[in-house]
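The values are calculated or read from the model by the stated rules, or taken from the named source; none is laboratory data. Fair warning: this is a prediction, and the values are worked out from it, not measured in the lab. As a convention, Cβ positions derive from the backbone with ideal geometry for all residues, glycine included, and neighbour counts pool all protein chains shown. Surface accessibility is based on the protein's heavy atoms, side chains included, excluding ligands, DNA and RNA. Shrake-Rupley method; radii C 1.70, N 1.55, O 1.52, S 1.80 Å.
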Amino acid sequence: LHNAIDVKRFLRKDPAASRRVLSRLVTVGRLVQHKNQQFLIEVVRCLHQAGQLVSLDILGDGPDRHMLEQKVASNKLEQYVKFHGNVERVEDILWESDLYVHGALSEPFGLVFPEAMAAGLPVVAVDGGGNRDIIQNGRNGYILAAPTAEQFAEKVKLLLNDRQAYNNMRENAIKDAGNYDIDNYARQLVTIYKDELRMR
């Protein structure tokens, strides 16, 4: 069975997505090399160069934080990239965001994907392996195999600038997150154990 989340915790009280002048991207993960947050900072730079102003909230902490902060400063993005450290209520920031982005090169599953989707966020992510089961291209977001920052940025722009596509993927993301709800997980687990006991 896949890992599971409490979907109800992440559902927005107001299901309507708000529209902001500055679109907010968010990512969650430990600040270590294979999580690849430096790639997402490069994506933000590409978007700004293309005239698409966005902000990026980085949730999590780790040994790469200083290096990442230096990268933000060297690209003069301090106004647009914020480091939150470890956050107790991740959902509060997810609800204030427009899009979930993830740059990890290796991701065995990633509970943060269904959490973000339950909060109503389409996903744009690098193909890290395990997230292939969660993200469906053109349905609840985009998953890209070894993309350049420019290629990744294009998918972000596509979603942010096509409101109909965004709303469709947003609705699908919320629906698909239900597949990972802890209640469904518990029912399936009980069924597996009952079947196993009957076979003995």
Of (1) more than 20 Å from LEU160 (Cβ to Cβ); (2) surrounded by fewer than 16 Cβ atoms within 10 Å (Cβ to Cβ), PRO114 fails just (2)
Residue satisfying all of: in region 36-57; of a type in the set (Gly, Ala, Ser) and out of contact with any strand residue (DSSP E or B) (no Cβ under 8 Å at 6 or more places or on another chain); surrounded by the fewest Cβ atoms within 10 Å (Cβ to Cβ) among these = GLY51
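Residue-by-condition table, conditions (1) without any contact (Cβ under 8 Å) to a residue 24 or more places away in the chain; (2) over 22 Å from LYS155 (Cβ atoms); (3) out of contact with any helix residue (DSSP H, G or I) (no Cβ under 9 Å at 6 or more places or on another chain):
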| position | (1), (2), (3) |
| --- | --- |
| GLN52 | no, no, no |
| LEU56 | no, no, no |
| HIS66 | yes, yes, yes |
| LYS71 | no, no, no |
| SER74 | yes, yes, yes |
| VAL90 | no, yes, no |
| SER97 | no, no, no |
| GLU107 | no, no, no |
| GLY110 | no, no, no |
Please name all residue pairs, on different chains or six or more residues apart, with Cβ atoms under 9 Å, provided the first residue is in region 153-168 and is over 14 Å from GLY138 (Cα atoms) and the second residue is open to solvent by 80 Å² or more (accessible area, probe 1.4 Å).
-> ALA153/GLN49
When the residues of region 117-142 are filtered to those that are out of contact with any Asp or Glu (no Cβ under 9 Å at 6 or more places or on another chain) and over 24 Å from GLU88 (Cα atoms), which remaining residue is most open to solvent (accessible area, probe 1.4 Å)?
-> ARG132
Determine whether region 166-185 contains at least one residue that is within 26 Å of HIS48 (Cα to Cα), β-branched (Val, Ile, Thr) and surrounded by 14 or more Cβ atoms within 10 Å (Cβ to Cβ).
-> no
Across (1) modelled with pLDDT under 95; (2) of a type in the set (Ser, Thr, Tyr); (3) surrounded by 19 or more Cβ atoms within 10 Å (Cβ to Cβ), TYR80 clears everything bar (1)
Go through the residues of region 59-77 one by one and say whether even a single one is at pLDDT 95 or above, of a type in the set (A, V, I, L, M, F, W, C), in contact with a His (Cβ under 8 Å, 6 or more places away or on another chain) and within 22 Å of GLY129 (Cα to Cα).
-> yes
Pairs under 8 Å by beta carbon, first residue within 16 Å of PHE113 (Cβ to Cβ) in region 29-43, partner modelled with pLDDT of 95 or more and basic (Lys, Arg), six or more apart or different chains?
-> GLY29/LYS35
